[in-house]
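Structure record follows, encoded as structure tokens.
The values are calculated or read from the model by the stated rules, or taken from the named source; none is laboratory data. These figures come from a predicted structure and were not determined experimentally. Here the Cβ is made from the backbone with ideal geometry for all residues, glycine too, and neighbour counts use every protein chain on show.
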Amino acid sequence: MGLPVFEGKCVACMKCVGVCPGLAITLMRPRYDEKKGTSLVTVPYELDLEYVEAQAEVTTVDMEGRTVGKGTIVSVKNSPSRDRRKLVSIEVPYEQAHEVAGFVVQTIDEPKEAEAVAELIPDDTIICRCERITAGEIREQIRLGVRDMNVLKATLRTGMGACGGKTCTPLILKLYQQEGIDLSEVTLPTNRPFVAEVPLSTFAGVKEEEEDGSRGL
């Protein structure tokens with residue numbers, strides 16, 4: 001698991017870029033165009049070629065996916081050892097070459113808040129599948145002033161089933177929102193890990209005796 005060290009003479013065959021199973025190797029030619037002050041970075045690529053073509057300008061990123069800058073695709077070649085891998089060479093400024101590990105192939109959409117659900121969840125909808133609790137039963141408790149989901153758990157048994165509330169909790173919060181309740185007023189249920197009683201004899205490998213004196217399995 002140590003850092004690999006190459007002690008030979010690199011001839012830019014790009015076999016290392018093509019063979020690495022983790023797509024972790026990039027090859028840099030530092031002085032690609034001294035007049036423009038650019039380097040050539042070759043990276044492995046295994047996605048759809050729809051967004052990749054020579055002379056296209058791309059946004060380059062580092063190993064963490066952070067934007068480094070802009071680059072121009074110079075060539076797209078087949079890997080000499082992997083039939084589904086391409087080797088994409090990108091011309092980038094000198095000062096960015098050591099950081100570039102890949103490039104963006106699609107426009108990154110700005111995040112936006114999801115639209116609210118226009119229609120109310122019908123009262124006969126099963127919210128807690130484990131305990132078969134309907135939206136109407138929960139909505140009734142909300143209108144009575146219950147703001148603590150642990151109270152719902154104690155009275156209606158929401159979240160008491162096998163899933164431990166993983167399915168119903170977000171749906172119950174949606175019911176609170178649809179009733180006009182600010183979620184900052186709502187106390188979330190206490191999450192407890194699943195437990196199962198295990199006798200010490202199981203860990204010790206001891207077979208317990210049955211009532212008739214025989215040894216149990």
- Message: Give me the residue from region 158-188 that is hydroxyl-bearing (Ser, Thr, Tyr) and more than 21 Å from ASP124 (Cβ to Cβ) and, out of that set, surrounded by the fewest Cβ atoms within 10 Å (Cβ to Cβ).
- Response: SER184
- Looking across region 49-81 at residues that are outside any loop (DSSP other than H, G, I, E, B) and among the hydroxyl-bearing types (Ser, Thr, Tyr), the single one that is surrounded by the most Cβ atoms within 10 Å (Cβ to Cβ) is THR60
- List the pairs whose first member sits in region 130-145 and is of a type in the set (S, T, N, Q), whose second member is not in a loop (DSSP other than H, G, I, E, B), and whose Cβ atoms are under 8 Å apart, counting only residues at least 6 apart or on separate chains? THR134/ILE126; THR134/ILE127; GLN141/VAL151; GLN141/LEU152; GLN141/THR155
- Query: among the hydroxyl-bearing types (Ser, Thr, Tyr), surrounded by fewer than 17 Cβ atoms within 10 Å (Cβ to Cβ) and closer than 13 Å to GLN141 by Cα: does that describe THR155?
  - Reply: yes
- Message: Can you tell me which condition PRO44 does not meet? The list is (1) surrounded by fewer than 15 Cβ atoms within 10 Å (Cβ to Cβ); (2) under 13 Å from LYS86 (Cα atoms), and all the others hold.
- Response: (1)
- Query: Which pairs do you get when a residue that is over 19 Å from THR38 (Cα atoms), found in region 51-66, comes within reach of a residue that is part of a loop (DSSP other than H, G, I, E, B), reach meaning Cβ atoms under 8 angstrom, with the pair 6+ apart or on two chains?
  - Reply: TYR51/VAL105; TYR51/GLN106; VAL52/VAL105; MET63/ALA101
- Item | Candidate set from region 17-48 (those that are in contact with a strand residue (DSSP E or B) (Cβ under 7 Å, 6 or more places away or on another chain) and in a helix (DSSP H, G or I)); member that is nearest to ALA101 (Cα to Cα) | VAL17
- What's the number of the condition PRO30 fails, among (1) within 21 Å of CYS10 (Cα to Cα); (2) touching a Lys or Arg at 6+ places or on another chain (Cβ under 9 Å); (3) not polar (S, T, N, Q)? (2)
- Message: Looking for something over 18 Å from VAL19 (Cβ atoms) and not charged (D, E, K, R) - is there at least one such residue anywhere in region 77-88?
- Response: no
- From the options GLU140, GLU110, GLU131, GLU115, residue that is at pLDDT 95 or above and among the charged types (D, E, K, R): GLU140
